Amino acid sequence: MSDSSPARTGPVPVLEVWCELQCPDCRTALDDLRALRARYGDRLELRLRHFPLEKHKHAFAAAQAAEEALEQGKGWPYVEAVLGRVEELDRGGESFLVEVAGELGLDAEEFDTALIDGRHILIVDADQAEGKAIGVTGTPTYVIGGERLDGGKSQEGLRERIEEIADRLLAAQA
């Protein structure tokens with residue numbers, strides 16, 4: 001049986017999305033991320049990276065919850081659901097994070113346990129340390145093809161720039 005899909009000469013380009021789930025600017029960026037997913041499908045990997053900001057008291061717990069959602073197979077749907085309701089996260093904190101998990105059909109009890117036992121803290125800490133090391137200062141920040149694009153001040157033109165870089169990386173593989 002032959003495979004008619006085009007041969008890939010290298011790994012799929014990765015767009016790292018440095019995000020914080022209590023950040024209104026990250027919520028604004030969702031439209032761009034959806035458009036990129038629609039345009040590239042599995043030809044571009046969107047990789048969630050955590051950069052919780054101290055000014056948001058539930059951001060660190062939200063990052064851990066996103067890791068639990070990823071582990072349960074619904075990372076991006078969870079991220080989108082929480083970002084879409086930033087104000088509720090502001091008010092509800094960890095109980096809101098568990099509630100969203102239940103709404104998405106995830107194991108809410110396991111979410112609660114993960115937030116208590118801190119099983120994802122090291123991942124979040126490592127992301128934050130790496131972000132600081134490469135110059136991330138706010139969210140959202142994108143890294144693709146070795147280039148860092150800061151979206152915290154404005155999303156204006158960012159998707160187009162990401163597409164230019166992704167197209168260049170994909171063309172180099174062809």
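The Cα center of the range 29-63 and the Cα center of the range 130-174 differ in position by 12 Å.
Comparing mean-square fluctuations of Thr139, Thr113, Thr28 from a GNM of the chain with C-alpha springs under 10 Å, the top value falls on Thr113.
Want the number for Arg148 to Leu53: 0.36 nm per residue separation, take away the alpha-carbon distance, what's left?
32.4 nm
Only Cα pairs within less than 10 Å get springs; with that Gaussian network setup on the chain, which residue of Ala108, Ala133, Ala65 has the largest fluctuation? Highest fluctuation among the options: Ala133. Each label point was placed 7 Å from the Cα along the Cα-to-Cβ direction; for Arg119 and Arg39 their separation is 3.7 nm. Here the dipole of the chain is about 660 debye; that uses its Cα centre as origin and unit charges on the Cβ of Lys and Arg (positive) and Asp and Glu (negative). Taking Ala59, Ala126, Ala38 as the candidate residues, the one with maximal mean-square fluctuation in a Gaussian network model of the chain, Cα springs under 10 Å, is Ala38.
Would you grab the residues whose amide H sits under 5 Å from the one on Leu15? Only those 5+ places off in sequence or on another chain, please, with H modelled 1.01 Å from N. HN-HN under 5 Å from Leu15: Glu45, Leu46, Arg47.
Toward the positive end of the charge dipole of the range 61-174, with +1 on the Cβ of Lys and Arg and -1 on the Cβ of Asp and Glu, the farthest Cα among Val143, Gly75, Ala171 is that of Ala171. Legend: calculated FRET efficiency, Gln155 to Leu104, from the Cβ-Cβ distance at R0 = 22 Å, rounded to 0.05, equals 0.30. Per-atom-type breakdown for the chain gives carbon and sulfur 51% of the accessible area (1.4 Å probe, protein chains only).
Each peptide among 46-54, 84-92 gets the average number of other Cβ atoms lying within 10 Å of its residues, and from highest to lowest they stand as 46-54, 84-92.
Helices in the chain, meaning DSSP H runs of at least 4 residues, each add -39500 (n - 2.57). Divided by all residues, the mean residue ellipticity at 222 nm is -17500 deg cm²/dmol.
The values are calculated or read from the model by the stated rules, or taken from the named source; none is laboratory data. The model shown is predicted, which means the values in this text are computed figures rather than measured ones. Cβ atoms come from the backbone with ideal geometry, glycine included; neighbour counts cover every protein chain shown. Just the protein is used for accessible areas: all its heavy atoms, side chains included, with ligands, DNA and RNA removed. Shrake-Rupley method; radii C 1.70, N 1.55, O 1.52, S 1.80 Å.
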